[in-house]
Amino acid sequence: MQLAADLERLNKHLFLIIMSFRRFLWRTVVFLCSANLVFALQQGRTTGPEAPLPPLPQDANQYLREVVKHEMAADANDHSHWRYRIHREDEKGSQDRDVIDTKDGQLAAHC
């Protein structure tokens, strides 16, 4: 009988601890959100209408040439290497490959 009373007191105590911790977390979240909002308002970054987009150029062909030239220059200057997986299925079954790009080409291994 004493054990049941002790367990009930322990359960009530744990419940109060959990509730006070939840209250603490909630207050912390509200405080951080408020501080973030105040900081954003002080910096002048409010959510409002964005600046208007610049008008499109008159010559669509010239614009397209510039875009392609810019993309090709960015691709030529991109020296990053990627790692990815390829999954293929055919009549023989399915294959998974791990592919790694290097400066000398691609390496592929079965997964």
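The values are calculated or read from the model by the stated rules, or taken from the named source; none is laboratory data. Fair warning: this is a prediction, and the values are worked out from it, not measured in the lab. All Cβ positions, glycine included, derive from the backbone under ideal geometry; neighbour counts span all protein chains shown.
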Discussion item. I need a count of the residues in the stretch 71-100 that are in the same structural domain as Cys111 (by TED's automatic domain parsing) and aliphatic (A, V, I, L, M).
Written reply: 3
Worksheet item: Would it be correct to say that Arg22 is over 30 Å from His110 (Cα atoms) and either part of a helix (DSSP H, G or I) or not hydrophobic (A, V, I, L, M, F, W, C) (or both)?
Response: yes
Worksheet item: Which one of these does Ser80 not meet: (1) more than 24 Å from the chain's Cα centre (by Cα); (2) loosely packed, with under 10 Cβ neighbours inside 10 Å?
Response: (1)
Discussion item. Return the pair list, or none, for Cβ contacts closer than 8 Å from residues in the stretch 66-91 that are on the phi < 0 side of the Ramachandran plot to residues that are of a type in the set (Ser, Thr, Tyr), at least 6 apart or on different chains.
Written reply: His81/Thr102; His87/Ser94; Arg88/Ser94
